[in-house]
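Bear in mind that the values in this text are calculations on the coordinates, not laboratory data. Not measured: the values here are computed from a predicted model.
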Amino acid sequence: MSKVVTLKEAQIFQQGNKVLSDVNFEIEESEFVYLIGKTGSGKSSLLKTIYGELKLKEGNGSVDSLDLTTIKSKEIPYLRRKIGIVFQDFQLLMDRSVIQNLYFVLKATGWKKKEEIHNRAMHCLKLVGIEEQAQKMPHELSGGEQQRVSIGRALLNKPRLILADEPTGNLDPETSEEIMNLLIAIAKEEKTAILMATHDMHIVNKFPSRIVTVRDGLVINND
């Protein structure tokens, strides 16, 4: 199995303050990992470091062979093509249809040919079981359907890693379980590593997987 994320002796800072110390953390291809911890514990800082929003100034880190300590600002878009992000509040563009939401991301990440853009967008909507809603506006969809679109959007550039930040936070329990089954299937079928930040211990217990806890400025691997 190839390593998708590696952090070694990483010190993570936010606005000049050290938030996390001595982070040693790896995720392999196809692996599903929960990231748990109280609000303000540093979960978001860890995600932002992996995503390249926070510079890794001390220690070592890489995402799919891109070095987080030496990465230049012009290389950040390349890093982000390797990472799909799923948000709690979906963050869809409400002024355009479902498929146009996906077109927008593909064009923004360098896709040029209309036919290829359309085919990739439809393929990702099929992966998440929402292709029949392609022409609908986001407000016409349920929360669960909107989150499926969000996951489809995250898959557009065949990412090596999906960062899911509280993806079930705004969903009812039944819909949350549907979304979890979808994410777990994607990890397996697309060979995509998934790091999911969550407070929902019901979900963690129902869908057991590796847990990483952020507590007291440390990242604890609960292997």
Check: Among Ile36, Ile71, Ile162, which one moves the most in a GNM of the chain with springs linking Cα atoms closer than 10 Å?
Finding: Ile71
Margin query: With a 10 Å cut-off between alpha carbons and a GNM built on the chain, which of Leu56, Leu102, Leu66 moves the most?
Written below: Leu66
Notebook entry, point to check: Expressed in nm to one decimal, what extension gain is obtained for the pair Asn24 and Lys112 from 0.36 nm per residue of sequence separation less their Cα-Cα distance?
Noted result: 27.8 nm
Notebook entry, point to check: Over the Cα atoms of the chain, how large are the radius of gyration and the largest Cα-Cα distance (Dmax), in Å?
Noted result: 17.2, 50
Notebook entry, point to check: For the range 95-158, what percent of Cα pairs sit more than 12 Å apart?
Noted result: 62
Notebook entry, point to check: Of all DSSP beta bridges located in the chain, what percent are antiparallel, nearest 5?
Noted result: 55
Notebook entry, point to check: Between Ala193, Ala185, Ala108, which gets the highest mean-square fluctuation from a Gaussian network model of the chain, Cα cutoff 10 Å?
Noted result: Ala108
Next item on the list: Sort the range 107-199 into rounded, prolate or oblate with this rule: let a ≥ b ≥ c be the square roots of the eigenvalues of the Cα gyration tensor; rounded if a/c is under 1.5, and if a/c is not under 1.5, prolate when a/b is larger than b/c, oblate otherwise.
Entry: oblate
Item checked: Mean residue ellipticity (222 nm) of the chain, computed from DSSP H runs ≥ 4 via -39,500 (n - 2.57), nearest 500 -> -10000 deg cm²/dmol
Next item on the list: At 20 °C and 1.002 mPa s, grab the translational diffusion coefficient of the range 9-129 from Stokes-Einstein with a Kirkwood Rh over Cα pairs, rounded to a whole number in µm² per second.
Entry: 128
Check: Once you sort the root eigenvalues of the Cα gyration tensor of the range 153-212 as a ≥ b ≥ c, which label holds: rounded (a/c under 1.5), prolate (a/b larger than b/c) or oblate (the other case)?
Finding: prolate
